[in-house]
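The next block holds one structure in the form of structure tokens; read it before the comments.
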């Protein structure tokens, strides 16, 4: 008689409590948008700091949904123009990720 089979145990990866969202804000031509205003929405909107290269980093709780938006202005040849990037959704189950935000000039 064979000994009883041992149960196979699977260990699921633990659910993270936070996630890191990194991003870069650039204009359509690829130039960094250092003066961009990035807004995080999940209730009351919060402004996200952007460095001189247009990058930002957020630590967000896992299991909540957020939206990122960006706006900016730049002056070229004495003419100031504004732009905005399409909103990006950070879903409840999204893990760490990189988010590119590309500002499109308003014409």
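The values are calculated or read from the model by the stated rules, or taken from the named source; none is laboratory data. If you're wondering where the values come from, they're calculated on a predicted model, not measured in any experiment. Cβ placement follows ideal geometry from the backbone for every residue including glycine, while neighbour counts extend to all protein chains displayed.
Could you run through segment 17-33 and say how many residues are surrounded by fewer than 15 Cβ atoms within 10 Å (Cβ to Cβ) and at negative phi? Residues flagged as surrounded by fewer than 15 Cβ atoms within 10 Å (Cβ to Cβ) and at negative phi within segment 17-33 amount to 7. The residues on offer are 60, 40, 68, and the sole one that is under 11 Å from the mean Cα position of the chain (by Cα), modelled with pLDDT under 95 and either under 21 Å from residue 106 (Cβ atoms) or surrounded by 17 or more Cβ atoms within 10 Å (Cβ to Cβ) (or both) is 60.
Candidates in segment 71-94 are the residues that are under 15 Å from residue 27 (Cβ atoms) and crowded, with 16+ Cβ neighbours inside 10 Å; of these, the one that is modelled with the lowest pLDDT is 74.
Yes or no, residue by residue, for (1) touching a residue at least 12 places away in the same chain (Cβ under 8 Å); (2) surrounded by 10 or more Cβ atoms within 10 Å (Cβ to Cβ); (3) part of a strand (DSSP E or B):
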site	(1), (2), (3)
6	no, no, no
15	yes, no, no
35	yes, yes, no
64	yes, yes, no
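When 50, 26 are checked against the criterion of being modelled with pLDDT of 95 or more and assigned to a loop (DSSP other than H, G, I, E, B), a single residue qualifies: 50.
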